[in-house]
Amino acid sequence: MESIALQDIQQAAERLRGIAHVTPVQTSRQLDKASGASVFLKCENFQRVGAFKFRGAYHAISTLPPEQQGKPVVTISSGNHAQGVALACRLLGRKAHILAGGLTSQIKRQAVLDYGATIHDAADHLDAERKLPALMAELHGVYIHPFNDPWVIKGQGTVMLEFLSAVPDLDIVLAPVGGGGLLSGTCIAAHGIKPAVQVYACEPAGALDAMHSVRENRIIPMPHPQTLAEGLKTSLGDMTLPILRKHLAGFFVVPEDEIVPAMRFAFERLKLVVEPSAAVALAPLLRRESVLVGKRVGVILTGGNVDLSGFFEQLTG
């Protein structure tokens, strides 16, 4: 297993310079008052494709060895990684093929198609995994894992490099956890620059596999996660698990009934559109977790791809 260091993430940042957006950090007096903390929001909802996933996808694809340069890129994703791979391939002149298990969001589907990718439908994630070997054999493709890939993790870690460059004196960082790619890169970058900063994983109560996996030091899959935060339904990988065990200060469990209120707070008070997965990292602040009160807290808002068609239909109906 390849080890990842701060220097690797710094090199990834150089490769992404001028390609990925340097996303803004925003503050809010209302959020500070509600949480009792000084809060800084790293707005990856303003990243290309509307999510942090573009960073890792582009970095991984752009660093493929010469013998793989002409091959089509294949991935499994029904969310933001699919869009990240699709756009990265368009920018790099590659063909992208997305095995999408249950891609029900028409906005995300259309975005993937608009970026020039081919979608191969599957009933769900397990069905996509079953179909992957045949597709790879047919295309002679290169597989880019959504999170359990060192080059993806290095790319995702650039979020934290930017964050600490803008706000170097953070005490605590909150980020959601699904497969753990972003959080792994965040931990390595944060502790490479500022060892004292505490990094907490935020996980929905309906998909607590990461917390149990870290505690038991083995991957505990959750076959049927029940959460609105669809981007956090993925289990950890054999690469992300040891990184999180080494670096995390702990977990915040977020009940389902706190996710929508956090999204609504972001929309109404912060004027930010964030996905349920991103709102999971905001929820511990809104309930004033005691360890956060009085601290300088950074939150990674991971994405903003929300289908608001129903909302606007109500306005025009």
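The values are calculated or read from the model by the stated rules, or taken from the named source; none is laboratory data. Nothing here was measured: the structure is a model prediction, and the numbers come from that model. Counting neighbours? That spans all protein chains shown, and the Cβs are built from the backbone with ideal geometry, glycine included.
Observations on the structure shown:
- Residues of the stretch 75-118 satisfying the condition of being of a type in the set (D, E, K, R) and surrounded by fewer than 19 Cβ atoms within 10 Å (Cβ to Cβ): Arg90, Lys95, Arg109, Asp114
- Some residue of the stretch 274-294 being of a type in the set (Val, Ile, Thr), within 16 Å of the chain's Cα centre (by Cα) and farther than 25 Å from Pro168 by Cα: no
- Only one of the listed residues (Gln69, Gln83) is more than 20 Å from the chain's Cα centre (by Cα) and of a type outside the set (Gly, Ala, Ser). That residue is Gln69.
- In the stretch 2-40, the residues that are hydroxyl-bearing (Ser, Thr, Tyr), in a loop (DSSP other than H, G, I, E, B) and more than 18 Å from Ala166 (Cα to Cα): Ser3
- The listed residues are Glu256, Glu268, Glu230, and the only one of them that is acidic (Asp, Glu), over 12 Å from Val177 (Cα atoms), in the same structural domain as Glu289 (by TED's automatic domain parsing) and touching a residue at least 24 places away in the same chain (Cβ under 8 Å) turns out to be Glu256.
- Residue match in the stretch 155-174 (condition: within 18 Å of Leu236 (Cα to Cα) and either assigned to a helix (DSSP H, G or I) or not assigned by TED's automatic domain parsing to the domain that holds Leu248 (or both)): yes
This table checks each residue for (1) surrounded by fewer than 18 Cβ atoms within 10 Å (Cβ to Cβ); (2) closer than 21 Å to Gly102 by Cα; (3) at pLDDT 95 or above.
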residue: Glu203; (1), (2), (3): no, no, yes
residue: Arg215; (1), (2), (3): yes, no, yes
residue: Pro225; (1), (2), (3): no, yes, no
residue: Leu241; (1), (2), (3): no, no, yes
residue: Leu248; (1), (2), (3): no, no, yes
residue: Ser277; (1), (2), (3): no, yes, yes
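- Unique match (being modelled with pLDDT of 95 or more and touching a Gly at 6+ places or on another chain (Cβ under 7 Å)) among Glu256, Glu230: Glu256
- Of the numbered criteria (1) touching a Pro at 6+ places or on another chain (Cβ under 9 Å); (2) in a helix (DSSP H, G or I), the one Met136 fails is (1).
This table checks each residue for (1) of a type outside the set (Ser, Thr, Tyr); (2) at pLDDT 95 or above; (3) touching a Ser or Thr at 6+ places or on another chain (Cβ under 6 Å).
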site	(1), (2), (3)
Val73	yes, yes, no
His97	yes, yes, yes
Arg109	yes, no, no
Asp127	yes, no, no
Leu135	yes, yes, no
Leu139	yes, yes, no
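- Glu44 touching a strand residue (DSSP E or B) at 6+ places or on another chain (Cβ under 8 Å), closer than 21 Å to Pro176 by Cβ and acidic (Asp, Glu): yes
- Any chance Pro168 is under 30 Å from Gly192 (Cβ atoms) and surrounded by 15 or more Cβ atoms within 10 Å (Cβ to Cβ): no
- Contacts under 6 angstrom Cβ, first residue in the stretch 53-70 being at negative phi and without any contact (Cβ under 8 Å) to a residue 40 or more places away in the chain, partner in a helix (DSSP H, G or I) and crowded, with 17+ Cβ neighbours inside 10 Å, 6 or more apart: Phe54/Arg48; Phe54/Gly84
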